[in-house]
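The values are calculated or read from the model by the stated rules, or taken from the named source; none is laboratory data. Note that the structure is predicted; figures quoted are calculated from it, not measured. Cβ: placed from backbone, ideal geometry, glycine included. Neighbour counts: every protein chain shown.
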Amino acid sequence: MRIELEDVRHIYAPGTPFEVEALRGVSLAVEPDEALGIVGGTGSGKSTLAQHLNLLLAPTSGRVLVDGADARTLKGVELRRRVGLVFQFPEAALFAPTVEEDVAFAPRRLGLDEEETRERVSETLELLGASHLVGRAPHALSGGEKRRVAIAGVLAMAPEVLVLDEPTAGLDPATREDLLGVVRALRDGGTSVVMVSHDLDEVAEVVDRVCVLEKGELLAVGAPETVFYAHLVTAPSTVRTASILRGPYPEVGRPVRFKDTLAALKGLLEGRG
Amino acid sequence: MTASRSLGQFYPVASLLHGLDARAKILATAVLAVGLFLVDSVAGFLLGAAMVVLLVAASRVPPGIFLGFLRPVAFIVALTLLFQILFSPEGETLFAWGFLEVHEGGLMRGLFLALRILLLVSTAGLLTATTAPVALADGIEDLLSPLKKLRFPAHELAMMTTIALRFIPTLHEETQKIARAQAARGADFSEGGPIRRARALLPVLIPLTVGAFRRADELAEAMESRGYRGGEGRMRYRESRFRARDALALAAAVLVVAGGILV
């Protein structure tokens, strides 16, 4: 499915002294089968934007279109099933006595029968490398384990688009790598992924396109090499390194991912040797 | 991010009332509250209502906010009014319909009682809307501090009040966040009867409770690690001063109440 934001503005608590304009007219599309990264500083509107993708927040003005039709014409539950949203620190919403029941919450709410539900639960837990936790109590798990279970709780709806808000914040490097692997696997399996993050290095590793938000406005959107090399302030360390070397050694090119950057540097060293 | 507007929340604007000392405002509110129970005449209530309207205007808090304060008590007020009108057979009969009779005395008493509740809530709302929670708690502590001699835990009570008030918006925000996270998983809080709706809240209430305990633990640790050990010898960052205008405000409250009772 294709989600399109049309000149979306969002104002929190309008008409009070607490009024904040979080989005100032953002137009952006999430294409089918792509991984889109949303980056920007704190308070740039990333999380607000993410919550518009399944209309948990409604735009103050502007429209959200799903496959060309106004998203408001879809039933709320239907839209939330098709666009899975994983909030920042999703483990704060774990509530069931066991991991299995927590992950089963969404499929049951969608009306799946017990057998289908069990299937969904074991599939998603396996995808997230958390099958062994199935009978445990969520509150007794480690931070990384909780995160895996919480993400499974949304993925169990089998959404067409998965929106992840800072999925790796506060995680250990191993769990983080695992999660990025899951994101890649989902994208290759035909699920669109929107990843909100201020960790530019990890965004660079998984996305097809990236958009930069600043103070509620869209600063740039496009292929990572185009966007990152044009906005070095919001570029990952690979891009910043390569852009310095590009002065004296233009043959470095415009690598973004770690692997490509390493290959470019190797090429450079071998060319000189 | 979502600012909440719930009962008795501080509304930060600059006004004459905001500038008054919290102790003066607490005492004045207490005087007015007691006064409202003693007033028993049309003129007295007119005076009380005029004063509340004047104070609301002086507070520069939008009147809509006060209507928000009144909403939770509207049902009680309506019920009280109805009971008083229907079931106090005093004075002249205004009209009768079957066994229902409306008497002049009952009508008046009902209106007085309803007005009393509305004015009381508005006055309390004035206090909380124009006084920052910390100043309010400090004021309560100061007013209760003579009781410390009798081993009354005035400081602890004030600290607990401050913390409780401080965490209302935090918990509110947390509730919304969790509710939205569960909504993203298909939870629906608006369908079904009251029992189903209450059950639907469990996925919100459980994490909220767990989070509140965790937060309380963290706060206690943070306070201890900064050397907090109770009220003994503790100073304040903001010293409150009782100025002439505070005394004036208090005197004005006493005068209005005296006037309201006498007329």
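Things to note:
- Matching residues, the stretch B:54-108, being in contact with an Asp or Glu (Cβ under 9 Å, 6 or more places away or on another chain) and in a helix (DSSP H, G or I): B:Leu86, B:Glu104, B:Gly105, B:Gly106, B:Met108
- Evaluated against (1) within 18 Å of B:Gly19 (Cβ to Cβ); (2) crowded, with 19+ Cβ neighbours inside 10 Å, B:Ala132 falls short on exactly one condition, (2).
- Residue ID - nearest to the other protein chains (Cβ to nearest Cβ), chosen from residues in the stretch A:53-93 that are closer than 28 Å to A:Glu119 by Cβ and in a strand (DSSP E or B): A:Leu85
- Tally of residues being charged (D, E, K, R) and modelled with pLDDT of 95 or more across the stretch A:83-100: 1
- Of all residues in the stretch A:94-127, exactly one satisfies the criterion of being farther than 19 Å from B:Pro203 by Cβ and either assigned to a loop (DSSP other than H, G, I, E, B) or touching a Cys at 6+ places or on another chain (Cβ under 7 Å) (or both), namely A:Asp113.
- Some residue of the stretch A:134-141 being part of a helix (DSSP H, G or I) and either more than 23 Å from A:Asp172 (Cα to Cα) or more than 13 Å from chain B (Cβ to nearest Cβ) (or both): no
- Residue list for the stretch B:178-212, filter: within 8 Å of chain A (Cβ to nearest Cβ), touching a residue at least 12 places away in the same chain (Cβ under 8 Å) and surrounded by fewer than 18 Cβ atoms within 10 Å (Cβ to Cβ): B:Asp188
- Annotation: of all residues in the stretch A:145-174 being in a helix (DSSP H, G or I), away from chain B (no Cβ under 14 Å) and buried (at least 19 other Cβ atoms within 10 Å of the Cβ), the one that is farthest from the chain's Cα centre (by Cα) is A:Glu145.
- When B:Thr128, B:Thr170, B:Thr175 are checked against the criterion of being away from every other protein chain (no Cβ under 14 Å) and in a helix (DSSP H, G or I), a single residue qualifies: B:Thr128.
- Elements of type helices (runs of 4 or more DSSP H) contained in the stretch A:216-273, each with 3 or more residues being surrounded by fewer than 16 Cβ atoms within 10 Å (Cβ to Cβ) and outside the structural domain of A:Ala204 (by TED's automatic domain parsing): A:237-245, A:258-272
- Residue that is surrounded by the fewest Cβ atoms within 10 Å (Cβ to Cβ), among those in the stretch A:13-35 that are touching a helix residue (DSSP H, G or I) at 6+ places or on another chain (Cβ under 8 Å) and within 14 Å of chain B (Cβ to nearest Cβ): A:Ala22
- Test: residue in the stretch A:200-212 that is away from chain B (no Cβ under 14 Å), closer than 30 Å to A:Asp7 by Cα and among the basic types (Lys, Arg): yes
- Failed item in (1) out of contact with any helix residue (DSSP H, G or I) (no Cβ under 6 Å at 6 or more places or on another chain); (2) surrounded by 10 or more Cβ atoms within 10 Å (Cβ to Cβ), with B:Ser225 passing the rest: (2)
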